[in-house]
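Report on the structure given below.
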Amino acid sequence: MQHKISIWPVIVVLLVVVSMMGMSTSGGRQRSIDEIIVHCTATPAGREVTVADIDRWHRQRGFRRIGYHYVVYLNGSIHPGRPVHEVGAHCIGHNTHSIGICYIGGLSTDGHHVEDTRTEAQRLALRALLMELKRRYPHAVIRSHRDFSSKACPCFDATKEYLNLSNTTLQ
Ligand SMILES: [Zn+2]
């Protein structure tokens with residue numbers, strides 16, 4: 001019981017925050033979205049990485065800015081990246097009709113092994129973000145980057161974990 005009482009207010013707050021972020025970043029323009037693709041930064045467990053860091057890495061790779069639309073920090077806070085109305089740069093062949101979300105982590109502390117390093121706060125935030133995106137794009141399915149790539153990203157089976165949510169139409 002203690003567990004449930006402590007977690008639900010967090011989810012409600014997250015949903016409100018995500019809703020507000022959506023209103024401020026949609027710009028009134030809509031893309032047709034049929035996939036939400038989950039990524040990780042492939043950085044060691046516990047290492048703080050910011051949107052600014054990812055933005056810098058992606059610009060170094062020739063992107064015009066960060067390629068993901070949302071980033072989930074270790075503390076569970078959700079940060080906007082590339083505006084949702086802009087096509088992302090996160091999954092070859094799938095960018096036009098998808099939204100890319102990324103959590104910080106994905107490698108063991110020594111950086112040598114693929115690992116599901118999501119903190120409890122990140123797990124809650126990811127699910128809250130995905131629920132909000134499913135409300136906005138009811139027909140979008142949730143997939144792992146690795147479904148479309150030889151990479152291990154996002155270092156857990158997002159397609160399987162979120163399958164029920166994927167198949168649900170939230171209004
Ligand atoms: Zn990825």
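How many residues are away from the ligand (no atom under 14 Å from the Cβ) and either farther than 15 Å from Ile101 by Cβ or surrounded by 21 or more Cβ atoms within 10 Å (Cβ to Cβ) (or both) if we restrict to the range 133-153?
Of the residues in that region, 5 qualify.
Say whether the condition of being of a type outside the set (Ser, Thr, Tyr) and within 12 Å of the ligand (Cβ to nearest atom) is met by at least one residue in the range 77-88. Looking for residues that are of a type outside the set (Ser, Thr, Tyr) and within 12 Å of the ligand (Cβ to nearest atom), one finds at least one in the range 77-88, hence yes. Kindly check whether there is at least one residue in the range 23-41 that is of a type in the set (Ser, Thr, Tyr), buried (at least 18 other Cβ atoms within 10 Å of the Cβ) and modelled with pLDDT of 95 or more. Yes, because at least one residue in the range 23-41 is of a type in the set (Ser, Thr, Tyr), buried (at least 18 other Cβ atoms within 10 Å of the Cβ) and modelled with pLDDT of 95 or more. Only residues that are modelled with pLDDT under 95 and within 16 Å of the ligand (Cβ to nearest atom) were counted across the range 154-168, and they come to 0.
Looking at the range 107-124, can you tell me whether even one residue there is closer than 20 Å to Gly67 by Cα and among the small types (Gly, Ala, Ser)? Looking through the range 107-124, none of the residues is closer than 20 Å to Gly67 by Cα and among the small types (Gly, Ala, Ser). Annotation: Val49 fulfils all but one of (1) assigned to a loop (DSSP other than H, G, I, E, B); (2) among the aliphatic types (A, V, I, L, M); (3) away from the ligand (no atom under 16 Å from the Cβ); the unmet one is (3).
The values are calculated or read from the model by the stated rules, or taken from the named source; none is laboratory data. For clarity, every value in this text was computed on a predicted model and none was experimentally measured. Methodologically, a virtual Cβ is constructed for each residue, glycine included, from the backbone with ideal geometry; neighbour enumeration extends over all protein chains shown.
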